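Read through the structure below, which is laid out as structure tokens, and then see the notes.
The values are calculated or read from the model by the stated rules, or taken from the named source; none is laboratory data. All values derive from a computational prediction rather than experimental measurement. Virtual Cβ from ideal backbone geometry, glycine too; neighbours counted across all protein chains shown.
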């Protein structure tokens, strides 16, 4: 079955390029010209990936992202932004985006990001991975601390899966970026730091002890001690 990509952008030149380019690569491409239309398209025909512009009239991309996340925690969202400051990028991630790309962009780069997001949706062998009181279910792609269930987005799951599979081992930021996002961020680790914070907030929501430790100057490690 062909994977479906929903492009939400008010710039017809961009939606035209993406419709043709992604269609040529074998994807089914739906296009929406504003946030309201995009939300309706996503409701009627749930996409496998959303490519979402931030700056749109009416309902902007940040609000669209928030609303999509209330319905589906797992659909990958690639955010397009004309703003390239760190704060703008982090704001996009904090609304629930899995990745971002700055306009103007090279189509081949966007295509690589889309493919990386789609690979995360591929099924894997069902098993429950455990570390201390943390359990990660690869069938439901969800976690537990003790008996407390934790729902994860696609990117949160992939990051936690990598940490659990390598518990007690320090993972460098570059290695995490490569394994989770599928490419090198060239030293821009904002997206990783945002998602580590997401996971910590969820894993420690009821006051549980910290498991994701920062190793200064190196990276991160899953272990029950500093």
**Request:** Enumerate the pairs (first residue in segment 3-16 and over 17 Å from residue 58 (Cα atoms); second residue anywhere and assigned to a strand (DSSP E or B) and at pLDDT 95 or above) with beta-carbon separation below 6 Å, excluding pairs fewer than 6 apart on the same chain, so at least 6 apart or on different chains.
**Result:** 4/28; 5/29; 5/49; 6/30; 6/50; 15/7; 15/31
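Can you confirm whether residue 131 is within 22 Å of residue 88 (Cα to Cα) and either at pLDDT 90 or above or in contact with a helix residue (DSSP H, G or I) (Cβ under 8 Å, 6 or more places away or on another chain) (or both)?
Spelling it out, it is not the case that residue 131 is within 22 Å of residue 88 (Cα to Cα) and either at pLDDT 90 or above or in contact with a helix residue (DSSP H, G or I) (Cβ under 8 Å, 6 or more places away or on another chain) (or both).
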**Asked** residue 113 versus (1) under 16 Å from residue 49 (Cβ atoms); (2) within 18 Å of the chain's Cα centre (by Cα); (3) surrounded by fewer than 17 Cβ atoms within 10 Å (Cβ to Cβ): which is the lone unmet condition?
**Response** (3)
**Prompt:** Any chance segment 174-183 includes a residue that's in contact with a helix residue (DSSP H, G or I) (Cβ under 8 Å, 6 or more places away or on another chain), outside the structural domain of residue 91 (by TED's automatic domain parsing) and at pLDDT 95 or above?
**Reply:** no
**Message:** I'm trying to understand the selection: among the residues of segment 10-48, which are within 19 Å of the chain's Cα centre (by Cα) and either closer than 20 Å to residue 104 by Cα or in a helix (DSSP H, G or I) (or both)?
**Reply:** 38, 39, 42
**Request:** Within segment 86-93, identify whether any single residue is in contact (Cβ under 8 Å) with a residue 24 or more places away in the chain, assigned to a loop (DSSP other than H, G, I, E, B) and surrounded by 21 or more Cβ atoms within 10 Å (Cβ to Cβ), and answer yes or no.
**Result:** no
